[in-house]
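The values are calculated or read from the model by the stated rules, or taken from the named source; none is laboratory data. Keep in mind it's a predicted model, so treat the numbers as computed, not measured. With ideal geometry, Cβ positions are generated from the backbone for all residues, glycine too; neighbour counts draw on all protein chains shown. The area values use the complete protein model at the heavy-atom level, side chains included, leaving out ligands, DNA and RNA. Shrake-Rupley method; radii C 1.70, N 1.55, O 1.52, S 1.80 Å.
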Amino acid sequence: MTIADLNRSALSEPACASQDEPQAQVETFEWAKQWYPLAVVDYLDPSRPHAVQLLGKDLVLWRDGTGTWQCFEDACPHRLAPLSEGRVEADGTLLCAYHAWRFEGSGQCDRIPQAKDAATEAKHRENPRACATVYPSLVRQGLLWVWGEPGSAGLQSAQQRSPRLIPELDADSGRVIKGDLNFRDLPYGWDFFIENVADPAHVTEAHHGLVGKREDAKYYDMPRVREMSTQEGFAYDVTPIPDTLERSGHDFQPPCLMRISSEIKDGGQLIMVLYAVPTRPGWCRHIGRQVLIKNNAGKVPSGLAFFSLPMPTWLSHVLGSLFLHQDLAFLHYQEKTVAQREKRWLDDGYSPYPLDIM
């Protein structure tokens with residue numbers, strides 16, 4: 001399965017270059033050599049394995065005996081049964097429920113109960129073919145991140161790049177208010193999610209009554225504030241904005257982060273953190289939160305609708321559907337229409353205004 005299957009709008013192809021540019025300037029985005037946030041750690045049960053998907057691959061998340069979260073290919077090396085159907089043992093190993101082979105966090109096989117004797121078992125356990133396939137993983141800002149390339153090659157390349165984090169969340173200023181993390185698996189592709197949140201003009205219509213009203217629709221300009229880059233994405237401001245704001249802008253950091261920031265004239269700030277992970281064709285996993293920055297006087301800015309109000313985590317999760325489901329149907333059927341026409345919507349649609357520029 002190729003990434004082209006996951007992203008029909010061809011964002012997986014080499015970055016566009018004019019006909020006058022030499023071919024050497026064209027870059028290819030390497031989808032496997034990236035960090036992806038696959039889960040909210042606080043929402044995972046450490047006593048059992050969890051099946052997830054990334055780039056069309058079946059993976060399993062589990063916490064080993066050292067308290068470290070691990071990510072394996074969801075296939076036992078013995079007979080390829082799903083490890084996510086197994087269990088985490090009291091000694092911190094992952095047990096395959098089919099034949100009770102056990103694995104350490106490193107992927108090393110720890111036990112083969114069907115072996116003839118201890119010497120034979122030790123011999124087979126040391127065979128590299130008996131090891132689980134391990135994907136590099138780490139925990140940052142409450143999220144479990146997984147590198148898209150497994151094995152020693154993946155570990156080496158993962159050390160050369162950092163996840164797409166939010167610097168303000170690591171600040172120790174006392175001004176940062178961290179909203180609850182929410183996640184959803186959505187029935188449309190990664191590319192359609194990113195294109196949707198890159199579009200400020202749909203908000204008053206698609207989210208009428210929750211964020212704005214459809215009669216408030218207006219013209220927007222989108223001046224670019226950061227050069228476009230295959231590896232680092234792009235950023236645009238939005239104008240016009242309310243008189244209370246200093247600026248408002250969208251910053252896309254590939255492969256998964258759209259950061260929408262509104263800077264208030266009194267020094268406060270609202271940051272919408274929107275991650276989207278390509279899980280499998282026609283689906284993506286969204287993880288998001290609001291981050292509020294108090295102004296210099298300690299005043300908390302208004303967040304997005306009622307989602308910034310104090311509430312239990314479970315209620316925040318339930319109410320998150322109200323926002324995401326309002327444009328879910330548009331994006332799901334938009335993707336189906338694009339697939340049926342076998343063209344990118346950019347080539348088949350009509351986008352005369354700057355609001356579609358991102």
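For the range 314-358, which residues satisfy the criterion of being in contact (Cβ under 8 Å) with a residue 60 or more places away in the chain and of a type in the set (Gly, Ala, Ser)?
Looking only at the range 314-358, we keep the residues that are in contact (Cβ under 8 Å) with a residue 60 or more places away in the chain, and these are 316-317, 320-324, 326-328, 330-332, 334-335, 338-339, 344-346, 353-358.
Passing the criteria: SER316, GLY320, SER321, ALA339.
Give the residues of the range 233-258 that are farther than 30 Å from ASP58 by Cβ and either of a type in the set (Gly, Ala, Ser) or under 21 Å from the mean Cα position of the chain (by Cα) (or both), sorted by residue number.
Hits for the range 233-258 are PHE234, ALA235, TYR236, SER248, GLY249, HIS250, ASP251.
Which residue is surrounded by the most Cβ atoms within 10 Å (Cβ to Cβ), if the candidates are limited to the range 248-298 and must be basic (Lys, Arg) and more than 16 Å from TRP145 (Cβ to Cβ)?
My answer is ARG259.
Being in contact with a Leu (Cβ under 8 Å, 6 or more places away or on another chain) and open to solvent by 40 Å² or more (accessible area, probe 1.4 Å) is the filter; apply it to the range 44-67 and report the residue that is farthest from LEU94 (Cα to Cα).
Looking at the filtered set, the residue picked out is GLN53.
Check the range 272-282 and report whether any residue there is out of contact with any Gly (no Cβ under 6 Å at 6 or more places or on another chain) and either modelled with pLDDT under 85 or assigned to a helix (DSSP H, G or I) (or both).
no
Within the set of pairs 6+ apart or on separate chains, which have a first residue in the range 78-103 that is free of Cβ contacts under 8 Å to residues at least 60 places away in the same chain and open to solvent by 40 Å² or more (accessible area, probe 1.4 Å), a second that is part of a helix (DSSP H, G or I) and not polar (S, T, N, Q), and C-beta atoms under 6 Å apart?
As it stands, the answer is ALA97/GLU85, since those pairs meet every condition given.
Restricting the search to the range 169-202, which residues are more than 20 Å from VAL238 (Cβ to Cβ) and charged (D, E, K, R)?
The answer is ASP170, ASP172, ARG175, LYS178, ASP180, ARG184, ASP185, ASP191.
Restricting the range 187-201 to residues that are among the hydrophobic types (A, V, I, L, M, F, W, C) and either in contact with a Cys (Cβ under 9 Å, 6 or more places away or on another chain) or part of a helix (DSSP H, G or I) (or both), which is farthest from ARG285 (Cα to Cα)?
ALA201
Across the range 35-91, what is the number of residues that are hydroxyl-bearing (Ser, Thr, Tyr) and in a strand (DSSP E or B)?
Going through the range 35-91 one residue at a time, the tally reaches 1.
Can you tell me which residues in the range 204-229 are farther than 27 Å from ARG280 by Cβ, open to solvent by less than 40 Å² (accessible area, probe 1.4 Å) and in a helix (DSSP H, G or I)?
Within the range 204-229, just THR204 meets the criteria.
Would you check which residues across the range 136-171 are over 17 Å from the mean Cα position of the chain (by Cα) and either closer than 15 Å to GLY107 by Cβ or aromatic (Phe, Trp, Tyr) (or both) and list them?
Result: PRO150, GLY151, SER152, ALA153, GLY154, LEU155.
Just give me the residues in the range 252-262 being under 15 Å from GLU195 (Cβ atoms) and part of a strand (DSSP E or B), in sequence order. Give the steps one after another, and end with the answer.
Residues of the range 252-262 that are under 15 Å from GLU195 (Cβ atoms), as a first pass: 252, 254-258, 260.
Listed by number, the residues that qualify are PHE252, LEU257, MET258, ILE260.
If I ask for residues that are in contact with a strand residue (DSSP E or B) (Cβ under 9 Å, 6 or more places away or on another chain) and either closer than 16 Å to GLU73 by Cβ or open to solvent by less than 30 Å² (accessible area, probe 1.4 Å) (or both), which ones from the range 104-115 would you list?
Across the range 104-115, the qualifying residues are GLU104, GLY105, SER106, GLY107, CYS109, ILE112.
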